[in-house]
1. Pick out the one residue from A:G48, A:G24, A:G79 that is at pLDDT 95 or above and within 14 Å of the chain's Cα centre (by Cα).
2. In a helix (DSSP H, G or I), within 13 Å of chain A (Cβ to nearest Cβ) and either surrounded by fewer than 24 Cβ atoms within 10 Å (Cβ to Cβ) or at pLDDT below 95 (or both): is that true of B:Q145 in this structure?
3. When you scan region A:166-177, do you find a residue that is β-branched (V, I, T), over 21 Å from B:K79 (Cβ atoms) and within 13 Å of another protein chain (Cβ to nearest Cβ), even just one?
4. Among the strands (runs of 3 or more DSSP E) lying completely within region A:89-187, list those that include at least 2 residues that are in contact with a His (Cβ under 6 Å, 6 or more places away or on another chain).
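The values are calculated or read from the model by the stated rules, or taken from the named source; none is laboratory data. These numbers come from a predicted model, not from an experiment. Here the Cβ is made from the backbone with ideal geometry for all residues, glycine too, and neighbour counts use every protein chain on show.
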Amino acid sequence: MDVAIIDSGGANLASLVYALQRLGAKAVVSDEAAVIRSAPRVLLPGVGSAGNAMARLRAKGLHEVIPQLTQPLLGICLGMQLLFDHSDEGDGPSDGGAGTQCLGIIAGKVARMTATTQLPVPHMGWNQLAVQQDDPLLTGIGSEAWFYFVHSYCAAPGPSTLAQTVYGAPFTSICSLRNFRGVQFHPERSAGPGARLLANFLTLV
Amino acid sequence: MQFRDHRVVGDILELAQRYRDQDADELVFYDITASPQGRSVDRGWIARVAEVLDIPFCVAGGIRSVAEAEAVLNAGAEKVSINSPALSDPGLIDQLASRFGSQCVVVGIDSQTTPEGWSVHQFTGDPDRSRDTRRETLQWVSEVQQRGAGEIVLNCMASDGVRRGYDLAQLAAVREICRVPLVASGGAGTPEHFAALFEAGCADAALAASVFHSGAIAIPDLKQFLKSRHIEVRT
């Protein structure tokens, strides 16, 4: 096995599995702590809402397992947002109106993006990155590379920001802290540059 | 397009890869006869497409339930697009948005010009069943957003297929009340039509089918043209 993909519920793990398959990587989809702990690398994808995903992780005790991991981990989209302390998503009455407590690995919070007629939300489309710090994840990826984003929430740039992207305001498009990394875009749907980023991740130890 | 025949699926895969290699930003697969015929999209081909495609794609046609949408998304599609079923059961939009998130729920709207404005049509894939719902387009655009649509594809029927340009007046009226991405559809005939759409700022993306399928416009040429007009495109 090259990588374990954490099953955090929601649909659409298929596109990530296929992307890894195209790179010749052996991926296992799992929500079992033992499998995830022993994997050489871990991917934390996420489609759906922060509240649902955290509830799924808690139900399996993974909210305690993930922050303790020492192998390279990459959160994708919602999976990146879950690395932070808190998300505003899940502000509804059923969530107590307090948003969602996340994994607390990276300090900071995830906030809803503000929609205007010029900048609709969800932010959907291809954007470029302004890289703030070099990282092996970005080997061979130039500043002209485009990545595909689909999200309504984002993290403001902070000390852990590796790259940022502007949509109305700048937001964190790649973050990194120790062995934990996160990308706000979808590398599995970002053509050549996305494949290169995933291939880079698969070389991390 | 018919998706049931294996040979046709082969053509779909080839076409999908060709557009991907030409730097299409997203693909939408329409099974336009699905809703009028009361059947769902045959999903076998979706996983095959997802295996080879590394750009986002959306599947439309006869998705009438959360379970049907889930199967399409699980097969590897990014988004589902609903049109006629949303008109029959608007609550479906709410259900899909709450289950999967707004970002994967696209609502397609077939809108016809009337003496008073614009009205929404249903079952447009079948000339015998196509009908005017008497719903006012702008009102429907507002409603689907309130229900959780994450993207709207507005197909302007009066300009569809005639290749005389996008319906900028209608798109501008919709853009004014649209807080989610708006995709323009219907009318593209020349690269100039795409430039006019983006320069008017009344859509976030342009969708076209026949000019690409026929080879009348090659996507790389179109992107270079738009770039020369200082419109930001991925190349």
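1. Checking each option against the conditions leaves just A:G79.
2. So B:Q145 passes the test.
3. Yes: one or more hits.
4. In region A:89-187, A:146-151 are the strands (runs of 3 or more DSSP E) which contain 2 or more residues that are in contact with a His (Cβ under 6 Å, 6 or more places away or on another chain).
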